[in-house]
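The values are calculated or read from the model by the stated rules, or taken from the named source; none is laboratory data. This is a predicted model, so every value here is computed, not measured. Neighbour counts are summed over all protein chains in view; Cβ atoms, including those assigned to glycine, are modelled from backbone coordinates with ideal geometry.
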Amino acid sequence: MARVRAPAGGADAAARRGCAGLSRGVATPAPRPLAIFGGTFDPVHLGHLRAAWEAAEQLDAEVRLLPARVPPHRPQPLASAAARVALLRAALAGQDRLGLDLRELARPGPSYSVDTLSALRAEYGTQRPLILLLGEDACAGLPSWDRWMQLFDLAHIVVLTRPASRPPWPDSLQRQWRQRAVAAPAALRAAAAGAMFSLRVSALEISASQVRALLAAGREPRYLLPDALLADAALLAPYRMPPL
Ligand code: ATP
């Protein structure tokens, strides 16, 4: 697909462009990128976790799952923030590659990514590459996000392949892709922000909607979720049909 093909000389070209003016000198060792993976996680499932894991490995980045309190671009979550965090904590237990960042839950009002990335940029300074991880479906809606063009001043955008959910990209997004796409993750260390990269991850056709529908129908979503989520009945209780 055209939108996932990098233009000729992608990585080098991005480095030369200095991506949004946040480039650094070649002699400085590149700080490890920090990648955030936002979502409602209503509930978290193996599609999220595997994609985040592969991103951490392939980008050699610190990856944090970042649950939204009030997602501005989609219906409100079914489970409370506290219930979704409990699920995330259970899902992430026993490993230390993927972290949890709860800052959007602490902030009142809609969870705008541009505000979250501004806060991270203020915290980590101008040098550290920040990455916004987005599934292909979520990325298609990017031009409707609040102050979306500012996102490129703050972070790189890495698009995780999701073949079963691949809506067409609007022209404005395709234009950004043509200007910003890089061919390899190494280019994401050559600047702190401003590039786009498509990361092929294992295609796991799992969605939170599917998991919610199974639970509402009284079925068991085993093997779509980490076992830990099924081991404690209280964790998924918000999604189960009410007892008769
Ligand atoms: P829902 O079915 O409720 O819309 P979802 O499964 O898409 O939920 P979200 O919490 O909305 O999950 O998604 C958070 C992020 O994870 C988005 O960027 C989304 O594209 C991505 N994502 C979700 N499921 C997958 C998957 N199976 N593979 C790759 N990316 C995914």
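In contact with a Cys (Cβ under 8 Å, 6 or more places away or on another chain), closer than 17 Å to LEU134 by Cα and either within 11 Å of the ligand (Cβ to nearest atom) or without any contact (Cβ under 8 Å) to a residue 12 or more places away in the chain (or both), is that true of VAL159?
Here the answer is yes, as VAL159 does meet what is asked.
Does segment 209-229 hold any residues that are within 10 Å of the ligand (Cβ to nearest atom), surrounded by fewer than 22 Cβ atoms within 10 Å (Cβ to Cβ) and not in a loop (DSSP other than H, G, I, E, B), and which are they?
Within segment 209-229, SER209, GLN210, ARG212, ALA213 meet the criteria.
Taking the residues in segment 162-176 that are within 14 Å of the ligand (Cβ to nearest atom) and basic (Lys, Arg) as candidates, determine which candidate is nearest to LEU132 (Cα to Cα).
ARG162
Per-residue answers, yes or no, for (1) touching a strand residue (DSSP E or B) at 6+ places or on another chain (Cβ under 6 Å); (2) more than 10 Å from the ligand (Cβ to nearest atom); (3) of a type outside the set (A, V, I, L, M):
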| residue | (1), (2), (3) |
| --- | --- |
| PHE41 | yes, no, yes |
| HIS45 | yes, no, yes |
| HIS48 | no, no, yes |
| ASP60 | no, yes, yes |
| LEU66 | yes, no, no |
| ARG74 | no, no, yes |
| LEU78 | no, no, no |
| ALA83 | no, yes, no |
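Listed here are the residues, each with its yes/no results for (1) buried (at least 20 other Cβ atoms within 10 Å of the Cβ); (2) in contact with a helix residue (DSSP H, G or I) (Cβ under 8 Å, 6 or more places away or on another chain).
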site	(1), (2)
ALA93	no, yes
ASP96	no, no
LEU117	yes, yes
ALA122	no, no
PRO129	yes, yes
GLY135	yes, yes
ALA138	yes, no
TRP148	no, yes
VAL159	yes, yes
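Any residue in segment 131-146 that is within 19 Å of LEU34 (Cβ to Cβ) and part of a loop (DSSP other than H, G, I, E, B) sitting within a Cβ distance under 7 Å of a residue that is modelled with pLDDT of 95 or more and within 9 Å of the ligand (Cβ to nearest atom)? List the pairs, counting only those 6 or more apart or interchain.
Nothing qualifies.
Would segment 188-196 turn up any residue that is part of a helix (DSSP H, G or I) and surrounded by fewer than 16 Cβ atoms within 10 Å (Cβ to Cβ)?
no
Need a quick list: helices (runs of 4 or more DSSP H) entirely within segment 1-114 having at least 2 residues that are modelled with pLDDT of 90 or more and either farther than 22 Å from ARG240 by Cα or of a type outside the set (Lys, Arg) (or both).
Ranges flagged: 46-59, 81-92, 103-106.
Have a look at LEU87, LEU142 and point out the one that is out of contact with any Asp or Glu (no Cβ under 7 Å at 6 or more places or on another chain), surrounded by 18 or more Cβ atoms within 10 Å (Cβ to Cβ) and under 27 Å from ALA216 (Cα atoms).
Checking each option against the conditions leaves just LEU87.
How many of the residues making up segment 197-208 are in contact (Cβ under 8 Å) with a residue 40 or more places away in the chain, part of a loop (DSSP other than H, G, I, E, B) and either closer than 12 Å to LEU59 by Cβ or in contact with a Ser or Thr (Cβ under 8 Å, 6 or more places away or on another chain) (or both)?
3
LEU154 - would you say it is of a type in the set (A, V, I, L, M), more than 10 Å from the ligand (Cβ to nearest atom), touching a residue at least 24 places away in the same chain (Cβ under 8 Å) and touching a strand residue (DSSP E or B) at 6+ places or on another chain (Cβ under 7 Å)?
yes
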